[in-house]
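Below you'll find the structure, written out as structure tokens, and then a few comments.
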Amino acid sequence: MSDALEATPYDALLLLSFGGPEGPDDVVPFLENVTRGRGIPKERLKEVGQHYFLFGGVSPINDQNRALLDALRKDFAEHGLDLPVYWGNRNWAPYLTDTLREMVADGRRRILVLATSAYASYSGCRQYRENLADSLAALEAEGLELPKVDKLRHYFNHPGFLDPMIDGVLASLADLPDDVRAGAHIAFTTHSIPTASADTSGPAETHGEGGAYVEEHLDVAELIADAVRERTGTDHPWRLVYQSRSGAPHIPWLEPDICDHLEALHGAGVPAVVMAPIGFVSDHMEVLYDLDTEATAKAAELGLPVRRSATVGDDPRFAAAIRELVLERAAAESGREITPCALGALGASHDLCPVGCCPARAPRPAAAGADSPYA
């Protein structure tokens with residue numbers, strides 16, 4: 001793609017993320033945004049917010065997004081890609097609607113969206129598209145000219161996303177004591193979601209037990225485990241496990257939980273574990289608390305050596321992957337032949353989310369898909 005550093009028809013990239021509080025006074029209002037419409041009492045939100053208060057009320061996700069913004073702008077500039085990059089959040093400043101309003105004022109009319117979620121699921125894809133539709137509806141109500149908005153495909157199996165995680169697992173294995181390294185187990189972790197949501201993730205034809213959400217994570221885990229074996233000569237056992245469960249206890253969610261898994265491994269005589277958070281783009285609160293704090297404390301209680309490998313974050317290879325995805329989508333939109341870059345058994349994901357993809361329990365408009373009201 002080195003001869004095609006042209007993003008036409010797109011004139012901007014929007015980094016769309018979850019958002020997080022930036023001080024103690026932000027925690028409860030942030031959680032109110034996240035849980036709006038669910039009727040959760042403020043006192044309960046204060047209890048949930050204790051994870052944030054342990055870290056001064058500050059989520060690391062905003063600074064991590066700022067670092068990714070810098071990495072993207074640096075990569076684009078170094079490769080001659082003239083494409084401005086904006087940032088908007090679903091649940092905290094800078095809010096998505098405000099950022100889209102700014103982009104319209106700047107004359108942006110064809111916008112590509114990079115969501116900080118690599119996999120198919122309602123919460124990881126369609127909910128972002130619903131938020132885009134909500135923001136476009138707000139701008140329409142203000143009488144503004146609406147831009148056309150497209151979303152970059154899922155990038156879970158792009159080498160620029162995989163390679164930093166492979167290096168992270170290798171570094172964690174190397175950091176283990178010599179006498180336990182060879183027998184170390186790799187626990188690939190991702191956010192647990194309700195099994196009903198997992199089963200309906202991805203296009204309708206892929207719906208089934210675990211849906212695309214589980215299938216894509218398993219593909220990534222296998223790719224990383226294979227790469228580790230090739231580089232070290234050791235075939236480390238592994239399993240996909242889950243973390244960060246929330247919600248009513250009677251609703252089934254994906255299991256096993258990472259802490260339960262650590263207990264089971266210890267009981268089976270496993271000498272050490274590497275926790276590899278493949279479901280997360282950066283070291284935000286779910287990583288800092290659920291793995292670095294809670295799971296690490298459980299391992300210490302068990303006397304089980306653990307290491308936690310790095311997420312992708314602002315790795316230059318990830319920034320380069322986003323550039324390639326932008327150019328790939330621009331070429332496809334311009335009618336040029338393009339071979340998408342993807343590893344593993346699943347191939348490149350769809351550019352346009354089809355009807356029935358990752359459905360919501362209550363149907364809502366979603367932009368940047370085949371069922372978008374803003375085509």
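Before moving on, here are some points about what is shown:
- Separation of alpha-carbon centers, the stretch 198-251 and the stretch 45-70, rounded to whole Å: 26 Å
- Projecting the Cα atoms of ALA295, PHE30, ALA276 onto the dipole axis of the chain, where Lys and Arg carry +1 and Asp and Glu carry -1 at the beta carbon, places PHE30 farthest toward the positive end.
- What the stretch 24-133 shows is 44 Å² of accessible area per residue, with the surface traced by a 1.4 Å probe over protein heavy atoms.
- Around the amide H of TRP238, modelled in the peptide plane, lie the amide H atoms of ILE186, all under 5 Å away and 5 or more residues distant in sequence or on another chain.
- Less than 5 angstrom separates the built amide H of VAL113 from those of LEU14, ASP150, LYS151, LEU152, all sequence-distant by 5 or more or on a different chain.
- With a cut-off of 15 Å between beta carbons, the residues surrounding LEU176 carry a summed charge of 0, where Lys and Arg count +1 and Asp and Glu -1.
- Here the calculated FRET efficiency for GLU205 and ASP178, from their Cβ-Cβ distance with R0 = 45 Å, stands at 0.40, rounded to the nearest 0.05.
- The stretch 246-375 - Kirkwood radius from inverse mean 1/r over Cα pairs (Å): 18.8 Å
- Along the stretch 45-52 the Karplus relation, 6.51 cos²θ - 1.76 cosθ + 1.60 evaluated at θ = phi - 60°, assigns HN-Hα couplings of 5, 5, 5, 4, x, 4, 4, 6 Hz to successive residues, with x for each Gly and Pro.
- Each other residue within a Cβ distance under 11 Å of GLY20 adds +1 if Lys or Arg and -1 if Asp or Glu, for a net charge of -3.
- In order along the stretch 295-300, the Karplus-derived 3J(HN,Hα) couplings, from 6.51 cos²θ - 1.76 cosθ + 1.60 at θ = phi - 60°, round to 5, 5, 5, 4, 5, 5 Hz, and Gly and Pro are given as x.
- Solvent-accessible area, 1.4 Å probe, carbon plus sulfur percent, for the stretch 245-375: 54 percent
- Aspartates and glutamates whose Cα lies under 17 Å from that of LYS42, excluding same-chain neighbours fewer than 8 positions away: ASP25, ASP26, GLU32
- Net charge of Cβ neighbours under 15 Å - reference LEU68; Lys, Arg +1; Asp, Glu -1: -1
- GNM flexibility winner over the chain from ALA141, ALA93, ALA174 (Cα, springs under 10 Å): ALA141
- The C-alpha atoms of the chain define a longest principal axis, and helix 211-232 lies at about 60 degrees to it.
- Residues whose amide H falls under 5 Å from that of TRP253, counting only those 5 or more places apart or on a different chain, are THR195, with hydrogens built in the peptide plane.
- Cα long-axis angle, helix 61-78 against the chain (0 to 90 degrees, to the nearest 10): 60 degrees
- Once the Cα gyration tensor of the chain is diagonalised, semi-axes √(5λ) in Å: 33, 25, 20
- Helix 159-175 vs. the chain, principal-axis angle (Cα, 0 to 90°, nearest 10): 20 degrees
- Distance from the alpha carbon centroid of the stretch 96-144 to that of the stretch 303-373 works out to 16 angstrom.
The values are calculated or read from the model by the stated rules, or taken from the named source; none is laboratory data. Just so it is clear, the structure is predicted and the values come from calculations on it, not from any experiment. No Cβ is skipped: glycine too gets one built from the backbone with ideal geometry, and neighbour counts run over all protein chains shown. For the accessible areas, the whole protein counts, side chains as well, though only heavy atoms, and no ligand, DNA or RNA atoms are used. Shrake-Rupley method; radii C 1.70, N 1.55, O 1.52, S 1.80 Å.
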